[in-house]
1. Evaluate the following for Thr106: is it assigned to a loop (DSSP other than H, G, I, E, B), open to solvent by 60 Å² or more (accessible area, probe 1.4 Å), modelled with pLDDT under 85 and over 25 Å from Pro29 (Cα atoms)?
2. Residues Lys96, Lys62: which one is modelled with pLDDT under 90 and open to solvent by 70 Å² or more (accessible area, probe 1.4 Å)?
3. Would you point out the residue of the stretch 26-57, among those that are among the aliphatic types (A, V, I, L, M) and either surrounded by fewer than 11 Cβ atoms within 10 Å (Cβ to Cβ) or assigned to a loop (DSSP other than H, G, I, E, B) (or both), that is farthest from the chain's Cα centre (by Cα)?
4. What is the one condition in (1) among the hydrophobic types (A, V, I, L, M, F, W, C); (2) in contact with a Phe, Trp or Tyr (Cβ under 8 Å, 6 or more places away or on another chain); (3) under 24 Å from Lys91 (Cα atoms) that Val63 does not satisfy?
5. Picking from Val47, Val13, Val22, Val76, which residue would you name as being hydrophobic (A, V, I, L, M, F, W, C) and touching a His at 6+ places or on another chain (Cβ under 8 Å)?
6. Just to be sure, is Tyr4 in contact with a Ser or Thr (Cβ under 9 Å, 6 or more places away or on another chain) and aromatic (Phe, Trp, Tyr)?
7. Limited to the stretch 57-70, what total is found for residues that are without any contact (Cβ under 8 Å) to a residue 24 or more places away in the chain and under 16 Å from Val82 (Cβ atoms)?
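The values are calculated or read from the model by the stated rules, or taken from the named source; none is laboratory data. Fair warning: this is a prediction, and the values are worked out from it, not measured in the lab. Here the Cβ positions follow ideal geometry from the backbone for every residue, glycine too, while neighbour counts run over all protein chains shown. Side chains are part of the model used for accessible areas, which takes the heavy atoms of the whole protein and leaves out ligands, DNA and RNA. Shrake-Rupley method; radii C 1.70, N 1.55, O 1.52, S 1.80 Å.
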Amino acid sequence: QSTYKSLTDGDDVLTIGLNRAVDLIAQAPQRTPAKALGDHPEDGVPVTIHSGRYGPYVQHHKVRATLPKGVAEDSVTLAQAVELIAAKAAKAGTGKAPTKGAKAKTTKAKTGKAKTTGAKTTGAKTAKSKTTKAKSSGAKTKSRGAKSATA
């Protein structure tokens with residue numbers, strides 16, 4: 001388990017000594033380890049209780065359910081935790097967050113602009129580059145023609 005601690009105003013990362021660094025790390029708040037409530041009745045995977053940033057929660061696989069206000073961490077039973085996790089999983093659908101790629105595909109499909117814009121942009125760039133080349137070669141031809149006409 002890693003411990004992180006920010007340097008104070010008087011400390012510089014390039015000049016801090018080993019003793020000072022060890023003192024700062026020792027002052028860092030320690031995390032409390034997760035407490036196992038027991039194995040889930042359906043699949044035998046442990047259900048754990050954690051102290052989080054926004055309060056205590058129970059976890060099974062990747063499903064995390066916050067404990068209701070007024071419920072102490074020590075008083076939660078496995079049955080209560082399983083109920084909370086089941087409610088959270090039912091509320092969220094499958095209990096799994098969509099992957100990044102799936103989210104992007106859904107967004108593109110809903111807007112319908114990504115494919116159209118991409119095709120127009122590619123076509124416009126190609127046409128523009130051909131037009132620019134044609135104009136520049138035509139300008140060279142005209143100027144050559146003008147020079148030979150004057151000479």
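1. No: the conditions fail for Thr106.
2. After ruling out the rest, the residue left standing is Lys96.
3. Step by step, filter the stretch 26-57, then rank; the result is Ala26.
4. The failed condition is (2).
5. The conditions single out Val47.
6. For Tyr4, the condition - in contact with a Ser or Thr (Cβ under 9 Å, 6 or more places away or on another chain) and aromatic (Phe, Trp, Tyr) - is not met.
7. Total satisfying the criteria: 5.
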